[in-house]
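See structure below.
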Amino acid sequence: MAEVNLHGRWSSPFVYRVIRTLKLKGILYEYIEEDLSNKVLCFYSNPVYKKIPVLVHGGKTICESMIVVEYIEQTWPPTPFLPTDPYERAKARFWAPAAILSVFRSNGKEQKKALKDSLEMLKIMEEQGLGEKKFLGGDRIRIVDIAFGTIAHWYGVIEEIIEVKVLEAHALPRLHAW
């Protein structure tokens, strides 16, 4: 098997999407902590956005967390994270990017609107995406769980820093418990 390296930063939730995917698939990889003040790797590997994570597999670079996750899914197919049914796969791709980072990137009136919009989206996600299922992706972990779960993991920290609560138990009991 070709060598697999993951370039990232411990503080990036997007890097954890890739880490969890690699671990769930049982893929051996080397993690390389990047110094984000020196974006040499990011400049060459992700010339448009200059961001991490960057996966290097057999000398080829793949960037942007969800693109990397799908690359891993297609390269190592056992334990699939995308459903085989085209309709179910389309639904999984729809829910996967439904993160609410706009709340954390804004302030003032913009933040209040972003919070309102995000809470509406999360309520829909809880009702239609999660429903009565164990995971957002159904009966086992799927791509949507990887996408949302790694962001949700950091919510508590971010909420404390910006002093805004998003995932409150009384408003979103299933997602909060998830």
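Structure notes:
- Qualifying positions in the range 40-85 - among the hydroxyl-bearing types (S, T, Y) and at pLDDT below 80: Y44, S45, Y49, T79
- Subset tally (residues that are modelled with pLDDT under 90 and loosely packed, with under 15 Cβ neighbours inside 10 Å) for the range 10-23: 2
- Residues satisfying the stated conditions in the range 61-94, i.e. surrounded by 15 or more Cβ atoms within 10 Å (Cβ to Cβ) and in a loop (DSSP other than H, G, I, E, B): E64, W76, P80, F81, L82, P83
- Cβ-Cβ distances below 6 Å connect the following pairs, each with a first residue in the range 1-29 that is of a type in the set (S, T, N, Q), a second residue that is exposed (fewer than 11 other Cβ atoms within 10 Å of the Cβ), and a separation of six or more residues or different chains: N5/E30.
The values are calculated or read from the model by the stated rules, or taken from the named source; none is laboratory data. All figures in this text were calculated on a predicted structure; none of them were measured in a lab. Counting neighbours? That spans all protein chains shown, and the Cβs are built from the backbone with ideal geometry, glycine included.
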